[in-house]
1. Scan the range 58-71 and tell me whether some residue there is touching a strand residue (DSSP E or B) at 6+ places or on another chain (Cβ under 8 Å), of a type in the set (D, E, K, R) and closer than 24 Å to Glu161 by Cα.
2. Could you list, in sequence order, the residues of the range 124-156 that are closer than 18 Å to Leu114 by Cβ and of a type in the set (Gly, Ala, Ser)?
3. Please work out if Leu74 is over 15 Å from the mean Cα position of the chain (by Cα), hydrophobic (A, V, I, L, M, F, W, C) and either modelled with pLDDT of 95 or more or open to solvent by 60 Å² or more (accessible area, probe 1.4 Å) (or both).
4. Output the qualifying pairs, or none if there are none: Cβ atoms under 7 angstrom, residues six or more apart or on different chains, first residue in the range 124-151 and of a type in the set (Phe, Trp, Tyr), second residue open to solvent by less than 20 Å² (accessible area, probe 1.4 Å).
5. Which number in (1) under 24 Å from Val4 (Cβ atoms); (2) touching a Cys at 6+ places or on another chain (Cβ under 8 Å) marks the one condition that Glu115 misses?
6. Look at Asp26 and say whether it is over 19 Å from Gly73 (Cβ atoms) and either open to solvent by less than 70 Å² (accessible area, probe 1.4 Å) or over 13 Å from the mean Cα position of the chain (by Cα) (or both).
7. From Lys66, Lys3, Lys11, grab the single residue that is touching a residue at least 40 places away in the same chain (Cβ under 8 Å), open to solvent by 20 Å² or more (accessible area, probe 1.4 Å) and of a type in the set (Lys, Arg).
8. Would you say Asn17 is touching a residue at least 40 places away in the same chain (Cβ under 8 Å), farther than 12 Å from Cys97 by Cα, open to solvent by 10 Å² or more (accessible area, probe 1.4 Å) and under 15 Å from the mean Cα position of the chain (by Cα)?
Amino acid sequence: KGKVQQKLRDKYAINKNFVMYTGGMDWRKNIEGLIEAFSLLPDKLRENKQLVIVCAITTAERMQYKVIVKLLGLSLADVIFTGFVPEDDLVLLYNDCSLFIFPSIHEGFGLPVLEAISCGTPTICSDRSSLPEIIEIQEAMFDPEDSQSIAKKMQQAIADEAFEKRLIANAKKQAVKFSWSKVAVNTLDMME
């Protein structure tokens, strides 16, 4: 890791390769399901990973989630709650994580998924709302209301190198579809 990346990891207490989520903390974001799914990963796989949850979090929410982490048999070092991060740090985190995961039960658009794929990051997400349109390949999706489904997809993305390569290729392909120039051309076409 470069100096900038190491400094960033130190700042947020990240000391392993990590799976990242960013977004809100409300019930539809399914943070509890994500933590449970992470706890279901095989110990051998999980011992080399951290789950990093990047978003603003209140003291009460942090305490609540720390209890959930412990009840699921994880250590507090296994799941990192960064709190709010500046935009520059967020971009660096997207580029440094080994997997981006978005387990939302209901979503308007899913901008964090688009941001992750725009960085070329292997990305998996729930099969709900607008998310299938962004990620497109069924192979990269899971049922967000089934922690086993989330865990299986996460395990596949972490342990299967060929699958990881397909996720990276998909990210690059999908990011082009949502570029601002593409949006402008489509808007002009509709107006004409």
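1. Scanning the range 58-71 turns up no residue that is touching a strand residue (DSSP E or B) at 6+ places or on another chain (Cβ under 8 Å), of a type in the set (D, E, K, R) and closer than 24 Å to Glu161 by Cα.
2. Those that are closer than 18 Å to Leu114 by Cβ and of a type in the set (Gly, Ala, Ser): Ser126, Ser129, Ser130, Ala140.
3. Values: over 15 Å from the mean Cα position of the chain (by Cα): yes; hydrophobic (A, V, I, L, M, F, W, C): yes; either modelled with pLDDT of 95 or more or open to solvent by 60 Å² or more (accessible area, probe 1.4 Å) (or both): yes.
Spelling it out, Leu74 is indeed over 15 Å from the mean Cα position of the chain (by Cα), hydrophobic (A, V, I, L, M, F, W, C) and either modelled with pLDDT of 95 or more or open to solvent by 60 Å² or more (accessible area, probe 1.4 Å) (or both).
4. That search, which allows pairs on different chains as well, returns Phe142/Ile124; Phe142/Ser126; Phe142/Ile150.
5. With (1) under 24 Å from Val4 (Cβ atoms); (2) touching a Cys at 6+ places or on another chain (Cβ under 8 Å) applied to Glu115, the lone miss is (2).
6. Details: over 19 Å from Gly73 (Cβ atoms): yes; either open to solvent by less than 70 Å² (accessible area, probe 1.4 Å) or over 13 Å from the mean Cα position of the chain (by Cα) (or both): yes.
Spelling it out, Asp26 is indeed over 19 Å from Gly73 (Cβ atoms) and either open to solvent by less than 70 Å² (accessible area, probe 1.4 Å) or over 13 Å from the mean Cα position of the chain (by Cα) (or both).
7. Numbers: Lys66 fails: touching a residue at least 40 places away in the same chain (Cβ under 8 Å); Lys3 fails: touching a residue at least 40 places away in the same chain (Cβ under 8 Å).
The conditions single out Lys11.
8. Details: touching a residue at least 40 places away in the same chain (Cβ under 8 Å): yes; farther than 12 Å from Cys97 by Cα: no; open to solvent by 10 Å² or more (accessible area, probe 1.4 Å): yes; under 15 Å from the mean Cα position of the chain (by Cα): yes.
Judged against the criteria, Asn17 is not a match.
The values are calculated or read from the model by the stated rules, or taken from the named source; none is laboratory data. All values derive from a computational prediction rather than experimental measurement. No Cβ is skipped: glycine too gets one built from the backbone with ideal geometry, and neighbour counts run over all protein chains shown. Note: accessible area is taken over every heavy atom of the protein model, side chains too, but ligands, DNA and RNA are not part of it. Shrake-Rupley method; radii C 1.70, N 1.55, O 1.52, S 1.80 Å.
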